[in-house]
Amino acid sequence: MANIAKKNTAAVTAQEVPVHVGVIMDGNGRWAKKRNLPRKFGHREGAKNFRAITRHAKAVGVKYITFYAFSTENWKRPKDEVDSIMELFEKYLDEVRDFVEENIRIRFIGDRSALSETLRRKMAAVEEDSKDFNAMTLVLAINYGGRDEICHSVQQIAKMVKAGQIEPEEITQELIEKNLYTEEIPPLDLVIRPSGEQRLSNFMIWQAAYAEFYYTNILWPDFKNEDFDEAIKAYSERNRRFGGV
């Protein structure tokens, strides 16, 4: 098995690998339902899988990978499901420290104000401890929404205008980007969405302006390294023109 894994990784690294990959981790609930299990069991399996895919992405040369872990809209789900997801975040934030030993920088994007103090403290600590690492950057989007992010950026810029620091005509795309949660993170090259859904669902809508999209019917807990390789292969065969000819 180890030899097969090495062979697959070598095949991927020979192709054009995207710098920044975004993953919409979809299908956890359906995975559990198919097995007559509570939805929280699907989220547990999905959380385990993100760790495996992170390591594989690093192995094939991806420099940034962002996982859509919890959206601003996910609060509408049943309270017991939301509570179990938040408990998972706290548990896996302790385990995500394993990545620190692998020279992986960890970042969180989203509105942290609605999260527990314990969770916010753990997030800040792991960001601080990994801030100088450069093998890969792992980004977790928690209580994140693309529209919310753009609104936050505009509010910051409005304060600058109100304070007389800039004039309205000085507002540029670069200034908006500077005030996004992803200030120093490059735009998305590839967005992967498992589970058969074919929409962005408010995920990094600014950063995905020129991203390539890859959809698959595989539910997220069943999405394995070879499926990630297939997404990279499909990306490498696209002709990215960025509005040109």
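With a threshold of 22 Å on the Cα-Cα distance, the over-threshold entries among Lys33/Lys233; Lys76/Lys122; Lys33/Lys76; Lys48/Lys91 are Lys33/Lys233; Lys76/Lys122. Considering only alpha-carbon pairs that sit under 8 angstrom and 6 or more positions apart, the relative contact order computed for the chain is 28 percent. Sorted fewest first by neighbouring Cβ atoms within 10 angstrom, Phe213, Phe228 come out as Phe213, Phe228. FRET efficiency for the pair Arg121 and Glu16, taken as 1/(1 + (r/R0)^6) with r the Cβ-Cβ distance and R0 = 35 Å, rounds to 0.30. Note on the chain: with a GNM built from Cα contacts shorter than 10 Å, the maximum mean-square fluctuation among Asn103, Asn36, Asn28 falls on Asn36. Its relative contact order, with pairs defined as Cα atoms under 8 Å and 6+ residues apart, puts the range 39-148 at 40 percent.
What residue among Ala209, Ala59, Ala47 shows peak mean-square fluctuation when the chain is described by a Gaussian network model with Cα springs under 10 Å? Evaluated over the chain, the most mobile residue of the options is Ala209. Distance from the alpha carbon centroid of the range 59-132 to that of the range 156-232 works out to 17 angstrom.
By the compact-protein rule of thumb, 2.2 N^0.38 Å, the alpha-carbon radius of gyration of the chain corresponds to a ratio of 1.04.
Ordering Leu138, Ile65, Ile218 by the projection of their Cα atoms onto the charge dipole of the chain, which places +1 on the Cβ of Lys and Arg and -1 on the Cβ of Asp and Glu, puts Ile218 at the extreme positive end. Computed on the range 73-136, with alpha-carbon pairs under 8 angstrom and 6+ residues apart, the relative contact order is 39 percent. Basic side chains Lys and Arg get +1 at the Cβ, acidic Asp and Glu get -1 at the Cβ, and with that the dipole of the chain about its Cα centre reaches some 820 debye.
Largest GNM mean-square fluctuation among Ile166, Ile157, Ile218, using the chain with Cα springs under 10 Å: Ile166. Distance between the pseudo-spin-label points of Asn217 and Ile166 (7 Å out from Cα toward the beta carbon): 4.7 nm.
Applying 1/(1 + (r/R0)^6) with r as the Cβ-Cβ distance of Glu226 and Asn134 and R0 = 25 angstrom yields a FRET efficiency of 0.35. Distances between placed amide hydrogens fall under 5 Å for Phe108 paired with Leu140, all partners being 5 or more residues away or on another chain.
Nearest 500 deg cm²/dmol is fine: what mean residue ellipticity at 222 nm does the chain get from its DSSP H runs of n ≥ 4 alone, each adding -39,500 (n - 2.57), divided by its residue count?
Helices in the chain give a 222 nm mean residue ellipticity of -14000 deg cm²/dmol.
Legend: P(r) of the range 17-70 from all alpha carbon pair distances, 5 Å bins from 0, whole percents, reading 5, 19, 26, 19, 14, 10, 6, 1.
Values quoted throughout were computed directly from the atomic coordinates according to the rules given, and no laboratory measurement underlies them. Keep in mind that this is a model prediction, so the values were computed, not measured. Here the Cβ is made from the backbone with ideal geometry for all residues, glycine too, and neighbour counts use every protein chain on show.
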